[in-house]
């Protein structure tokens, strides 16, 4: 049996409630949800690159670029709800992001070449460190709140 459609006013009210409820979640919870989606984008891109035969380092770089393009607007608008200067935030975001990417681009090859792990499990291990450092970097640097005077 088909569900009846919500009246437009009811749909708007429930949408507003959902947005308000999302905004009231702690930033770490919003980061976990949006960061989880970001990692799904990243890992899917990485797995796709590996599946078509790309060298794992090429697949890592492409996955970083795709995920970064997704993550900046999502983190800015949905996680940290930042309204500061876009250019400063973008430059800071790239700096924080590529710090984490450098850890991946160094850690994954080390685990693959020295630890003999496959690239995807190696990346998952490195992500444990990168996710925590990225959250702190974006909170304290990229989207930091300026004290009001």
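The values are calculated or read from the model by the stated rules, or taken from the named source; none is laboratory data. All values reported here derive from a predicted model rather than from experimental measurement. Positions of Cβ are generated from backbone atoms using ideal geometry, with glycine treated the same way; all protein chains shown enter the neighbour counts.
Identify all residues within segment 47-97 that are without any contact (Cβ under 8 Å) to a residue 24 or more places away in the chain, under 28 Å from residue 27 (Cβ atoms) and surrounded by fewer than 16 Cβ atoms within 10 Å (Cβ to Cβ); write none if there are none.
65, 69, 73, 77, 83, 85, 86, 87, 88, 90, 91, listed by residue number.
Among the candidates 54, 67, 23, single out the residue that is assigned to a helix (DSSP H, G or I), modelled with pLDDT of 95 or more and in contact with a helix residue (DSSP H, G or I) (Cβ under 9 Å, 6 or more places away or on another chain).
67
If you check residue 77 against the conditions, is it farther than 21 Å from residue 131 by Cβ and either part of a helix (DSSP H, G or I) or modelled with pLDDT of 95 or more (or both)? Write out each step before concluding.
On the way: farther than 21 Å from residue 131 by Cβ: no; either part of a helix (DSSP H, G or I) or modelled with pLDDT of 95 or more (or both): yes.
No.
Scan (1) part of a helix (DSSP H, G or I); (2) within 26 Å of residue 23 (Cβ to Cβ); (3) modelled with pLDDT under 95 for the single condition residue 148 breaks and write down its number.
Every condition holds for residue 148 apart from (1).
With respect to residue 139, is the statement that it is surrounded by fewer than 19 Cβ atoms within 10 Å (Cβ to Cβ) and in contact with a helix residue (DSSP H, G or I) (Cβ under 9 Å, 6 or more places away or on another chain) true?
Details: surrounded by fewer than 19 Cβ atoms within 10 Å (Cβ to Cβ): yes; in contact with a helix residue (DSSP H, G or I) (Cβ under 9 Å, 6 or more places away or on another chain): yes.
Spelling it out, residue 139 is indeed surrounded by fewer than 19 Cβ atoms within 10 Å (Cβ to Cβ) and in contact with a helix residue (DSSP H, G or I) (Cβ under 9 Å, 6 or more places away or on another chain).
For segment 103-122, indicate whether the set of residues that are part of a helix (DSSP H, G or I), on the phi < 0 side of the Ramachandran plot, within 11 Å of the chain's Cα centre (by Cα) and surrounded by 19 or more Cβ atoms within 10 Å (Cβ to Cβ) is non-empty.
Taking segment 103-122 as the starting set, the residues that turn out to be part of a helix (DSSP H, G or I) are 103-114, 119-122.
Subsequent filtering for residues that are on the phi < 0 side of the Ramachandran plot retains 103-114, 119-122.
If we keep only those that are within 11 Å of the chain's Cα centre (by Cα) as well, we get none.
Within segment 103-122, none of the residues are part of a helix (DSSP H, G or I), on the phi < 0 side of the Ramachandran plot, within 11 Å of the chain's Cα centre (by Cα) and surrounded by 19 or more Cβ atoms within 10 Å (Cβ to Cβ).
Tally the residues that are surrounded by fewer than 16 Cβ atoms within 10 Å (Cβ to Cβ) and within 15 Å of residue 63 (Cα to Cα), restricting the search to segment 123-136.
Count: 1.
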